[in-house]
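Any read-out appearing in this document is the output of simple, stated calculations on the displayed coordinates, not a laboratory observation. Quantities reported herein were computed from a predicted structural model and do not represent experimental measurements. Every residue, glycine among them, receives a Cβ derived from its backbone with ideal geometry; neighbour counts consider all protein chains shown.
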Amino acid sequence: GGGKPRIQENVVENVRRTFERSPQKSIRQAARELGMKRSTVYKVLHRRLRLYAYKVQIVQEIKPEDAPKREAFANAMLDRIAEDETFLSRVLFTDEATFHVSGKVNCHNVRIWGTENPHAFREHVRDNPKVNVWCGLLQNQILGPFFFQEDTVTGNNYLDMLENFAVPQIAALQRKIIFQQDGAPPHWSLLVRQFLNDTFPDRWIGRGGPIPWPPRSPDITSLDFFLWE
């Protein structure tokens, strides 16, 4: 017949064994080691072995006592959205990210082949050269990025960024904006909280704020899904 030739079983078995030994192997590496075309390895992985490439995720440990606080926060947000249809559009989500010059996992380039998500984690070396970046996200615009000149974000330079960079950009909307920040130590500075109380009275989300942000919750920060990824 005129159908495509079926991939031989010994080829399938060779591909299966090489990825069982090294699940993080790339298709290019496997093809070179097995003397096959990359397209053949890809077809075997997807069509015959039903394997998929999963990303390595860098996540923060969640403690047992965090679950009720996270649930309460989620329910409170749903209630606020139900009561005020403009609520979510007025939230300015903010976050900082650290980009390492070297020695840091690039989650886009690391894949682990398997039939199920292995939920893999990777340790990284501290104190590599790095740059800290802040961004804000409204419904229809991005504020920043702002690059901190210092190696470490502190309460003082974070406050300086808010006063001289972030807030001036939203001056026209300031009375409507609901400011969000997570519970990072610089955000807990008394001066930072006083500034937020003065600038966004009863309208900011964060540790110690009028709308409490649950601890250790980077996975509910919108920038983690929209921008830093």
With label points built 7 Å along Cα→Cβ from the Cα atoms of K63 and T98, find their separation and express it in nm.
2.0
If packing is taken as the average number of other Cβ atoms within 10 Å across a peptide's residues, how do 178-188, 14-24 rank, most packed first?
178-188, 14-24
